[in-house]
Every structure is written in structure tokens, then in C-alpha cells.
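Peer 1: Have a look at the structure that comes next, please.
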2 protein chains.
Amino acid sequence: MMHCASIVSAPSYAFPFLSGSASTTPTAISLTKRSWKPPPSMAKGPVRATVSIEKETPEANRPETFLRGVDEAQSSTSVRARFEKMIREAQDTVCSALEAADGGAQFKEDVWSRPGGGGGISRVLQDGAVWEKAGVNVSVVYGVMPPDAYRAAKGVPTDQKPGPVPFFAAGISSVLHPKNPFAPTLHFNYRYFETDAPKDAPGAPRQWWFGGGTDLTPAYIFEEDVKHFHSIQKQACDKFEPTFYPRFKKWCDDYFYIKHRGERRGLGGIFFDDLNDYDQEMLLSFATECANSVIPAYLPIIEKRKDLPFNDHQKAWQQLRRGRYVEFNLVYDRGTTFGLKTGGRIESILVSLPLTARWEYDHKPEEGSEEWKLLDACINPKEWI
Amino acid sequence: MMHCASIVSAPSYAFPFLSGSASTTPTAISLTKRSWKPPPSMAKGPVRATVSIEKETPEANRPETFLRGVDEAQSSTSVRARFEKMIREAQDTVCSALEAADGGAQFKEDVWSRPGGGGGISRVLQDGAVWEKAGVNVSVVYGVMPPDAYRAAKGVPTDQKPGPVPFFAAGISSVLHPKNPFAPTLHFNYRYFETDAPKDAPGAPRQWWFGGGTDLTPAYIFEEDVKHFHSIQKQACDKFEPTFYPRFKKWCDDYFYIKHRGERRGLGGIFFDDLNDYDQEMLLSFATECANSVIPAYLPIIEKRKDLPFNDHQKAWQQLRRGRYVEFNLVYDRGTTFGLKTGGRIESILVSLPLTARWEYDHKPEEGSEEWKLLDACINPKEWI
């Protein structure tokens with residue numbers, strides 16, 4: 001029943017479902033030790049992975065589910081099934097809301113599957129009235145984890161030799177780049193990961209975790225916008241656990257760090273990974289709440305800023321910040337770098353890049369200017385609420 | 001006499017003077033085994049390096065030489081001194097020729113030094129009549145190589161324990177991005193590397209090598225332009241060794257490969273690295289000949305194309321190819337990735353990025369179109385002469 005694609009040795013990179021963006025790489029993956037259960041800190045170093053890739057097949061229609069096999073596909077109560085349902089509903093809701101706000105442009109959809117199970121739906125809106133480029137992708141991935149990875153993570157006694165452990169991962173990933181330099185870019189990504197219980201290691205458990213986040217990248221600071229955005233993130237967090245917002249806010253500031261610039265790519269939001277030390281139902285509800293908070297957190301800001309007049313100088317500054325977005329995604333983002341090195345669906349991975357970007361030599365905003373204030377907040381993250 | 005900056009452990013990356021571009025990272029470096037003498041093949045995997053970095057100091061004036069110490073600075077016959085003289089003359093010649101062709105814009109110069117020796121001159125012309133962005137940098141770097149690296153490379157008997165081996169590296173690096181989509185981007189880079197003979201390992205030799213190349217990245221193919229460009233490269237090669245052009249042409253096609261796209265960034269030229277199996281004087285003359293060939297290979301093409309009329313569609317295609325340039329430089333180029341990870345002078349490293357770039361989702365040129373022909377030649381490298 002289990003599909004096991006041919007395993008090839010690949011360069012050392014992180015696991016896409018641990019990433020900030022583009023984590024919906026449609027790739028069947030098997031993991032080695034270090035990527036199986038990384039520390040919840042923001043370790044950015046390379047992680048060894050053995051990767052198996054199946055070529056995706058384009059599909060004419062969206063299937064009811066990307067889950068495979070009769071048992072999985074017919075289950076409506078499993079966390080896998082409910083998470084897939086949640087991200088596909090979130091994709092529909094977000095895309096409809098964005099189309100309505102854009103007032104004309106429509107998302108173009110690409111559907112694909114993999115012979116061994118899993119698949120995805122990419123939706124992209126390009127050159128709209130409001131958005132320069134907006135991508136909202138979902139995907140489901142089946143892979144196989146090498147036994148050492150599972151054993152190391154779960155403390156299986158060394159005299160037991162579990163075989164390869166199948167895993168499942170599903171996620172939604174989105175980047176929205178507006179045209180108006182006063183309207184911020186948004187990124188969000190929510191993902192769920194689960195292994196089977198190894199059949200030949202009695203007592204070794206099934207494992208699962210959640211990851212994700214939503215973050216805002218404006219070119220100019222409107223304090224009321226940033227406060228509104230962070231407030232909605234905090235509200236979503238506070239419904240579940242009072243420590244979530246401060247912890248995930250800091251995690252976000254740490255993750256979206258462009259090390260060679262000494263600055264963050266934007267003004268943050270929330271980010272979390274490897275989350276499994278709470279009730280599973282609670283975390284499913286939390287991820288759902290976060291995904292449902294995207295539109296209320298973002299669209300009121302867009303409505304206020306999308307039609308503000310701007311000049312060439314302000315547009316150029318937005319483009320320079322887009323350049324930073326490209327630098328972060330191509331150099332640091334774990335999902336993007338993993339996807340590029342392992343041959344995921346390139347167009348889905350790189351949909352996170354802006355339509356246009358700019359690099360000026362040694363550009364320094366004038367001290368005290370609006371551009372300088374944004375840069376200062378990217379260098380020195382602030383508490384917004 | 002020898003300066004030894006504090007050594008910090010850094011992530012694993014390649015040696016900047018082995019790189020295609022931006023290799024003039026102003027960084028004091030010490031290398032471990034794998035980066036000391038990599039195979040001349042195009043290994044793209046990460047290479048472990050222990051790196052020590054000194055902060056650069058801006059200088060008001062260009063010094064006579066960046067060589068350090070009385071002996072070195074007063075020598076006019078050493079290869080170090082002659083190579084530095086050559087790249088600084090090449091920088092002057094190239095910048096003057098570009099300014100004349102641009103007809104108005106001037107290069108802005110930044111000079112810096114490092115307390116322990118070495119330094120560099122960055123020159124950037126931005127938003128000219130012909131060039132959108134043109135950078136021509138030279139630099140001189142002093143560093144220290146860990147003993148294991150030297151021993152492994154030179155086959156020093158294991159009972160001998162040489163101490164850290166000082167090295168010297170100098171290079172010129174340039175990327176020229178024109179505005180007109182029919183005028184091609186040019187990159188060139190020439191570098192020289194040398195170690196001291198280890199004092200405490202009798203008989204262990206001084207080591208040196210040369211690297212570099214010149215390559216052309218058009219958005220549209222004018223066959224006569226590409227033939228002219230490659231002919232000049234071949235002429236420079238043929239003056240020294242008939243195998244050089246075919247060998248370095250293929251090396252160039254292999255190096256500038258955007259693996260996740262399955263395409264090269266442009267139409268190639270020549271590229272070589274770790275070159276030390278010829279007479280040292282011959283290779284110094286060869287590098288000089290290559291650097292002197294930049295203007296005759298490139299400017300006649302610019303003169304023919306800089307004023308051709310173009311439309312928005314052609315400009316957008318150029319911008320998409322600029323996006324590929326960014327992808328190659330940020331994801332694959334060994335000098336850039338090394339520089340970013342180890343804290344070189346960021347503005348000098350990233351001057352290779354175009355002023356503007358573009359990414360469209362799933363863009364595919366129409367089969368048989370001029371854009372398709374360029375893409376085809378990037379996917380399937382051709383013999384131009």
C-alpha cells in the first residue's frame with residue numbers, strides 16, 4: 001500500500017514543512033536524523049536530508065481530496081483529513097476575498113498530483129488592480145523517513161530496528177504583493193506533519209506537529225495598520241494560550257532575518273514550528289483560527305491604502321524592499337532553498353517572489369525620513385501592541 | 001609581521017576567489033581542507049571554511065598599493081605586485097571606456113582598507129544613459145590558511161606539522177547591466193591566489209593559482225554579436241594554448257548553470273579556476289590578455305545595440321532574464337554566497353545584482369519567438385564559432 005519512490009542522495013537542506021514560505025513544495029521526501037526533529041529554535045544551518053522526488057502530473061480538475069487510499073480518503077475524522085479540508089477552505093476563502101478586493105482580476109489555477117499520492121493546487125493572480133502578484137498554494141505530500149531519523153527522535157531502543165517510517169505533510173502557503181507602495185505585502189503559511197507508527201518497533205508512537213505563521217512586510221509604516229495586524233494575531237493566539245503571542249512574535253522576528261543586511265524583511269507577525277507539546281485538537285483549532293484570521297488582519301489595511309496617491313520615489317523604495325524580500329527568500333528561507341535544491345515544482349516555489357524588484361548600490365535613506373523609520377523598525381524589531 | 005585576525009567559526013561555503021563573480025569580497029579568510037584545493041571540476045556543494053573577518057575602513061584616497069609591509073609594497077617584480085598593478089590598470093581602462101560610451105554618467109568610487117593589510121576600490125555607475133548599473137571592483141585580501149588544508153593539498157608528510165599558512169589573493173570583478181534590452185549584460189572576473197611557503201615544514205612549497213572568466217548575458221540573440229564576443233575570447237586563449245578556449249568555454253557553460261531552471265544564465269564565454277599547471281609568467285600574461293580583451297569584446301556590441309528601439313514586451317523579457325541573473329547570483333554563485341555568509345562588504349558583493357528584475361508566474365515564451373530562441377540557447381549551449 002505504501003508508496004516508496006526511489007531515494008536519491010541530495011544536498012543538505014531543511015525540511016520544507018519547517019519553512020516560512022513556499023513550504024508547499026510538491027515533493028515526496030524522506031528525512032534523515034537532523035531534519036526529523038530539529039530543535040524548536042531558529043537553527044538556520046543546513047540540515048542533511050535524503051530526498052526522493054516524483055515528477056508531478058498536471059490535472060484537469062481538482063480532486064475531492066489529495067489523501068490516498070480508500071481508508072484515508074474516506075475518513076472525515078482524521079486530523080489529516082480535517083487539516084486538508086481546512087487549508088482547502090482557507091484557500092477558497094482567501095482567494096475569493098482577494099478577488100473581490102481587487103475588483104477585476106481572477107486567480108489562475110494549476111492542479112497537479114503525484115503518482116504515489118498527494119498533490120496540490122496553485123492559484124496565482126498577476127497584474128491585478130490591487131495586487132502585482134498574489135499566490136495562494138495548498139499541497140499534500142507523502143514521503144518516507146529513514147529509520148535512524150525516527151529512532152533518534154523518539155528514543156526507540158537501539159536493539160529495535162524499525163523500518164522506514166512513512167510520513168504525511170500538508171500545508172497552505174501564500175505571498176501577496178500589492179502594487180501601491182503604501183499597501184503592505186503579506187505572507188502566511190500553515191502546515192501539519194504526521195508519521196505512521198513504525199510497524200516493526202512495538203510501542204514506538206505515531207508522531208505529529210504543526211507549524212506556520214502570518215507576517216506583514218510594508219514599505220512604509222502606518223502605525224495603526226501594524227497595530228491592527230499584530231492585534232489580530234494576538235487575539236488568535238490568546239484564544240488558546242497567553243504565552244503564544246509573545247513567543248511566536250519573537251520567533252517571527254528571529255526567523256525573517258536577513259543576516260547579511262542585519263535587518264528583518266518586514267515588521268513580523270507570528271511564526272511557530274514543531275509545535276506538538278499541546279493537545280492535538282487544540283493545535284488544529286489554533287492553526288484554523290490563524291488561517292481564518294488572515295483576511296480580517298490584512299484586508300482592512302489594503303482597503304485603506306490601495307488607492308493612496310504615491311510618487312516615483314515611494315515606488316522605488318517599495319521596489320528596493322522587494323529586493324530584500326527576494327534576498328531573504330532565495331538565500332535564507334528554508335522552504336525555498338530546499339525546494340530549489342531538490343527539484344520541487346519551481347513555479348509554485350518561486351511564486352513567492354515579487355513581480356518586480358530593485359537593487360541600488362549603497363542606498364541609504366535619509367535619517368528621520370519615512371523610509372529610514374521603516375528600515376529602523378526592520379533592524380530593531382518593536383513591540384507594536 | 002604577519003597579521004592574524006581573530007578566527008571565527010563560520011558556516012560552510014566556498015572560497016570567494018574561486019567564484020564567478022563578486023569574488024573581490026574584502027575579507028581576511030582562512031580555509032580548511034576542502035576549500036584549499038578543490039578539484040577543477042564545477043563542484044557546487046558547500047565547502048567548509050573557517051573564516052576570520054576584519055571590518056573594512058573607508059579611505060579618502062586610493063593608496064599606491066594595497067600590498068602590505070615595506071618588502072611587498074616596494075617590490076615591482078613580484079607576481080603579487082604585477083597582478084595588483086594589472087587589475088588596477090584594467091579597472092581604470094574599463095571604467096574610462098564605459099564612461100565614454102555612456103556619454104555622461106560617471107563612476108562613483110569607494111575605497112577601503114583593512115587594518116591587517118589589503119583593501120579595495122569599488123566603482124559603480126548607476127542610471128546612466130547606456131548602463132542601468134555597472135560595477136567594477138578590485139580588491140586585495142590577506143588571510144591565513146589552517147595547516148591541515150595546506151598539508152592535504154601539498155602532500156606534506158604527516159609527521160611534519162606546518163603552522164597556519166598565510167595567503168594572498170587579489171582580483172577584479174565586474175558586472176555591467178545596460179538599459180536597452182538588445183544590449184547584453186557582461187560579467188568578468190580575474191583573480192590571483194598565492195600562499196607563503198610554510199616556515200616550519202622544510203621543502204613544502206609556496207603555492208599559487210589563477211582563476212577568472214568573461215561571459216555574456218543577452219536577452220535577445222544577435223548571432224553576429226555572440227560570434228564576435230566568443231571570437232575575441234578565443235583569440236585571447238589561442239595566443240597561449242589551443243586547448244584553452246574549448247576547455248574554458250565548456251567550463252563557463254557548466255559554471256553558470258541555474259540548476260533549478262535547467263538553464264544557463266546566459267550565452268557563456270570563458271571560465272577557468274585553480275589554474276597552476278602552466279608557467280606562472282605565461283598565466284599572468286594570459287590573465288592580462290583576458291582582462292585587456294573585455295572592452296574589444298564588449299563595446300562594439302554595445303555601440304550597435306544601445307540605441308535600438310524596443311517595446312514594453314521586450315523590456316519585460318529583459319527584466320525576466322534579470323530575474324534569472326539574481327537567482328544565479330544569490331543561489332549558486334560561490335563568491336556571492338560565500339560573501340553573504342561571511343560578512344564581506346555587502347554593497348560590493350551585491351553590486352552584481354541588476355537595478356531592476358522581474359518574476360512572472362509560469363512564464364513561457366511562444367515557441368519559435370526571439371525570446372524562445374534565447375531560452376533554447378540557455379538550455380542547450382551552442383558552439384558559436
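Peer 1: Sticking with the crude label model, points 7 Å out along Cα→Cβ, report the distance from B:Y278 to B:Q106 in nm, one decimal please.
Peer 2: Distance between label points: 3.9 nm.
Peer 1: Related question: Can you tell me the length gained on complete extension of the stretch A:D196 to A:E303, counting 0.36 nm per residue apart and subtracting the Cα distance?
Peer 2: Once the chain is fully extended between A:D196 and A:E303, it gains 34.0 nm.
Peer 1: Rounded to two decimals, what is Rg over Rh for segment A:57-379 when you use alpha-carbon atoms and the Kirkwood radius?
Peer 2: 0.99
Peer 1: Among A:R62, B:R358, what's the order by accessible area (1.4 angstrom probe), most exposed first?
Peer 2: From most exposed to least exposed: A:R62, B:R358.
Peer 1: Right, another one. Mind checking the mean number of beta-carbon atoms from other chains within 10 Å of the Cβ atoms in B:358-367?
Peer 2: The shielding value for this peptide is 6.
Peer 1: Can I ask one more? For segment B:260-281 and segment A:202-276, what is the separation of their C-alpha centers, rounded to whole Å?
Peer 2: 43
Peer 1: So, in nm, how far is label A:Q235 from label B:S75 when the simple model puts each one 7 Å beyond its Cα toward the Cβ?
Peer 2: For the pair A:Q235/B:S75, the computed spacing is 7.1 nm.
Peer 1: Grab the beta carbon distance between B:S96 and A:N292, set R0 = 60 Å, and tell me the FRET efficiency rounded to 0.05.
Peer 2: Here the calculated transfer efficiency is 0.45.
Peer 1: Then there's this: Starting from the Cα coordinates of segment A:187-309, work out the convex hull volume and express it per residue in Å³.
Peer 2: Output value, Cα hull per residue: 126 Å³.
Peer 1: On to the next question. Which of A:A60, A:F222, A:G339 sits farthest toward the positive end of the charge dipole of segment A:57-379, with +1 on the Cβ of Lys and Arg and -1 on the Cβ of Asp and Glu?
Peer 2: A:G339
Peer 1: Using a 1.4 Å probe and ignoring any ligands, DNA or RNA, find the accessible area of A:I270 and quote it in Å² to the nearest 10.
Peer 2: Roughly 0 Å² of A:I270 is accessible to a 1.4 Å probe.
Peer 1: Karplus couplings for segment A:130-138 from phi (6.51 cos²θ - 1.76 cosθ + 1.60, θ = phi - 60°), rounded to Hz, Gly and Pro as x?
Peer 2: Computed from phi, the couplings for segment A:130-138 are 9, 9, 6, 7, 9, x, 9, 10, 10 Hz.
Peer 1: Mark the label point 7 Å from the Cα of A:H313 along Cα→Cβ and return the residues of segment A:361-379 whose backbone N is within less than 14 Å of it.
Peer 2: A:364-373
Peer 1: Quick one: 3J(HN,Hα) in Hz for segment A:90-105, Karplus 6.51/-1.76/1.60 with θ = phi - 60°, rounded, Gly and Pro as x.
Peer 2: Whole-Hz 3J(HN,Hα) from phi for segment A:90-105: 4, 4, 4, 4, 5, 4, 4, 5, 5, 4, 4, 5, 6, x, x, 5.
Peer 1: Would you please state which residues of segment A:325-365 a label at A:D254 would reach in this model, taking the label point 7 Å out along Cα→Cβ and a backbone N cut-off of under 16 Å?
Peer 2: Residues A:334 qualify, since their backbone N sits under 16 Å from the label point.
Peer 1: Oh, and also: Under a 1.4 Å probe, what is the accessible area of segment A:57-379 per residue, stated in Å²?
Peer 2: On a per-residue basis, 35 Å².
The values are calculated or read from the model by the stated rules, or taken from the named source; none is laboratory data. Quantities reported herein were computed from a predicted structural model and do not represent experimental measurements. Backbone-built Cβ (ideal geometry, glycine too); neighbour counts: all protein chains shown. Keep in mind that these areas ignore ligands, DNA and RNA; they rest on the heavy atoms of the full protein, side chains included. Shrake-Rupley method; radii C 1.70, N 1.55, O 1.52, S 1.80 Å.
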